[in-house]
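Let me begin by presenting the structure, written as structure tokens, before commenting on it.
The values are calculated or read from the model by the stated rules, or taken from the named source; none is laboratory data. Treat the numbers as computed from the prediction; the structure is a model and nothing was measured. Methodologically, a virtual Cβ is constructed for each residue, glycine included, from the backbone with ideal geometry; neighbour enumeration extends over all protein chains shown. Keep in mind that these areas ignore ligands, DNA and RNA; they rest on the heavy atoms of the full protein, side chains included. Shrake-Rupley method; radii C 1.70, N 1.55, O 1.52, S 1.80 Å.
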Amino acid sequence: MEEPKVKKLKIVKEEGPSDNVVKEQEQESAVVDDETLTSPPLQRTDAGEAFFELSSKRRCTVRKWKKNILVDIREVYEKDGKVLPGKKGISLTLEQYEAFRSLIADGSIDKEIESLNS
């Protein structure tokens, strides 16, 4: 049996005039494999919006806009030391997010991915 992959993380908070963003750097180890995936830590912008870093250039933000809660999956970029949302991305209403989540939970999306991989 193959050993699980190990992902090393250290949480570091950067302070300054830009968004106080938490970044991941290698140090502490956490076991990651296909069966036991760990979620990225919840982080917050200076404006108080909750986000999860999906990669160095993509994040999932949960925010309120015009009395609607949105789940925003978007590319981000850095300008003048600030991390800002880019044009590429999608904002899902709660109804759209719940439909998407149910497709993930019941395995429909994983089945399609698996059929394309075979």
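Residue check, residue 74 against (1) at pLDDT 50 or above; (2) open to solvent by 50 Å² or more (accessible area, probe 1.4 Å), all met but one. Which one?
All conditions are met except number (2).
Would you confirm whether or not segment 99-118 contains a residue that is in contact with a helix residue (DSSP H, G or I) (Cβ under 7 Å, 6 or more places away or on another chain), closer than 19 Å to residue 50 by Cα and not hydroxyl-bearing (Ser, Thr, Tyr)?
no
Can you tell me how many residues in segment 44-94 are touching a Gly at 6+ places or on another chain (Cβ under 8 Å) and in contact (Cβ under 8 Å) with a residue 40 or more places away in the chain?
Count: 1.
So, in segment 77-94, of the ones that are open to solvent by 50 Å² or more (accessible area, probe 1.4 Å) and among the hydroxyl-bearing types (Ser, Thr, Tyr), which residue ends up farthest from residue 46 (Cα to Cα)?
93
Answer yes if at least one residue in segment 95-114 is in a strand (DSSP E or B) and open to solvent by 90 Å² or more (accessible area, probe 1.4 Å), and no otherwise.
no
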